[in-house]
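The values are calculated or read from the model by the stated rules, or taken from the named source; none is laboratory data. Remember, predicted model here, so these are calculated numbers, not experimental data. Backbone-built Cβ (ideal geometry, glycine too); neighbour counts: all protein chains shown.
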Amino acid sequence: MRRARMTVAYRGDQFNGFAVNPGVQTVASTIEAALQQVMQQEVKVIPAGRTDTGVHAWGQVISLDLPERIELDLLAKQLNALCGPSIVVREARWTQPDFHARFSALWRSYRYNILNSPTPNPFMVETAWHISRPLNMRAMQLASDALIGEHDFSAFCRKPRVTEGEERSMRRYVMAAKWTALEGDVLQFEITANAFCHQMVRSIVGTLSDIGIGKRPPSDMRGLILAGDRSEAAHLAPPQGLTLWEVGYPVEPE
């Protein structure tokens, strides 16, 4: 067996999240079923991150172990024929034996799209959050600057289930957080960090949207981080605007 890595894109609104969940269709279960059909053997996939229901991906990375005889280019085409267009393999290549899609990652980058227009766009219903009230992008960027650096993001993270005596840190290092105005009244938020806790990006965007409409001042962001109180942050932004855009890894030897 030999380890491979694939870069995968998918429409999250058509699946119940990424991770295998008995009784419902997920991204992982769809890919694994296709692998089973092609190879006539069970193959498990490991993702860089487990996206929630409705969250999309352009640069999700998975690692998997395959027989050395496999032609990866051909396998990618077979998977795309079975899973596409909702799921597609954008790239497939052999990698180092110790490569792990999740634990080898140095950083992840997410993008969130908001359609900030008086009326909705029916062609963007599944890929952007529509907000009709005008948003102050300058105020949202000012608040986003407070995210940069290493902080405890408990105020923006769903508490994980832990066994008695177990502790999980909500400290994350955010490398970049930027708003960009795109064509068609779309405002795009891109955030890059070493890792993200559950619902962190959607919670941050929900709070930033409140700042954008003037419901709260930009200075609240710093206060929320310091307080670490989840109940003080805003509602979650809906999942359809969120995309796992890219995952970074150490440069592999030739």
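Here are the numbers for this structure:
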item: First in the stretch 239-252 and aliphatic (A, V, I, L, M), second anywhere and surrounded by 21 or more Cβ atoms within 10 Å (Cβ to Cβ) and in a helix (DSSP H, G or I), Cβ under 7 Å, 6 or more apart; result: L242/V201; L242/R202
item: Only one of L226, L236 that is of a type in the set (A, V, I, L, M), surrounded by fewer than 19 Cβ atoms within 10 Å (Cβ to Cβ) and either in contact with a helix residue (DSSP H, G or I) (Cβ under 7 Å, 6 or more places away or on another chain) or farther than 19 Å from R171 by Cα (or both); result: L236
item: Which listed residue is among the basic types (K, R), touching a residue at least 60 places away in the same chain (Cβ under 8 Å) and in contact with a helix residue (DSSP H, G or I) (Cβ under 9 Å, 6 or more places away or on another chain), from R50, R90; result: R90
item: Single match in P160, P239 (criterion: closer than 30 Å to A101 by Cα, at pLDDT below 95 and of a type outside the set (K, R)); result: P160
item: Count of the stretch 111-129 residues which are surrounded by fewer than 18 Cβ atoms within 10 Å (Cβ to Cβ) and either within 22 Å of the chain's Cα centre (by Cα) or closer than 19 Å to M200 by Cβ (or both); result: 3
item: Filtered residue count, the stretch 194-230, keeping only those that are farther than 14 Å from S144 by Cβ and touching a strand residue (DSSP E or B) at 6+ places or on another chain (Cβ under 8 Å); result: 6
item: Wholly within the stretch 151-254, strands (runs of 3 or more DSSP E) carrying at least 2 residues that are touching a His at 6+ places or on another chain (Cβ under 9 Å) and at negative phi; result: 171-182, 242-248
